[in-house]
Each structure stands twice: as structure tokens, then as C-alpha cells.
Amino acid sequence: RSLLKATLETGRKHQIRVQLANYGFPIVGDNKYGFREGKEMFLNSYSIEFEDFVYENELPKSFKEKLGL
């Protein structure tokens, strides 16, 4: 398992999920493009930015536990 940081270039739906699956690195818990493991898809928005607004989020506890952090 790896923790990745990805930046969206377009607003297309499922962009990160599709691209990672196409390269052979599906997101854990993604039953559409990856593989089902548990009840949670391990995809999280760390940061969202607009012209004058930035929001940053902590990595969820369940992610840290899954990664052994």
C-alpha cells in the first residue's frame, strides 16, 4: 500500500480513480475501478483551493491505521 498525492487537472468525474486503475494501482475499496476491501474507499481530499479560500484536511484515522502510520 502506498500513500499518494495527486493533483486534478480537469474537473472530470473519477479522474484519479480511472487513471490509477489504468496504471495498475487501483484505490483500495474502490469497487468500480479497483477492488473491494472493507466498507471504505481509501480516497480523501487533502486540500481544496478556490481564488480566496483554502481548506486542508487531516488524513483520516482509518487511513493511518491501514498504512501503519
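Within segment 48-69, being open to solvent by less than 70 Å² (accessible area, probe 1.4 Å) and of a type in the set (A, V, I, L, M) holds for Leu59, Leu67.
A count restricted to segment 24-39 and to residues that are of a type outside the set (A, V, I, L, M, F, W, C), within 20 Å of Lys13 (Cβ to Cβ) and modelled with pLDDT of 80 or more stands at 6.
Cβ contacts < 7 Å: first residue free of Cβ contacts under 8 Å to residues at least 24 places away in the same chain, restricted to segment 1-25; second residue of a type outside the set (Ser, Thr, Tyr) and exposed (fewer than 11 other Cβ atoms within 10 Å of the Cβ), any location; separation 6+ or different chain. Result? Here the result reads Gln15/Leu8, each pair linking segment 1-25 to a residue that is of a type outside the set (Ser, Thr, Tyr) and exposed (fewer than 11 other Cβ atoms within 10 Å of the Cβ). For segment 12-47, a residue qualifies if it is open to solvent by 50 Å² or more (accessible area, probe 1.4 Å) and of a type in the set (Ser, Thr, Tyr), and the qualifying residues are Tyr23, Tyr33, Ser45, Tyr46. Scanning segment 1-11 for residues being small (Gly, Ala, Ser) and surrounded by 10 or more Cβ atoms within 10 Å (Cβ to Cβ) gives a total of 1.
The values are calculated or read from the model by the stated rules, or taken from the named source; none is laboratory data. Just so you know, these numbers come straight off a predicted model, no measurement behind them. Note that we place each Cβ from the backbone using ideal geometry, even for glycine, and neighbour counts take in every protein chain shown. Ligands, DNA and RNA are stripped out before the accessible areas are found, and what is left, the full protein with its side chains, is counted by its heavy atoms. Shrake-Rupley method; radii C 1.70, N 1.55, O 1.52, S 1.80 Å.
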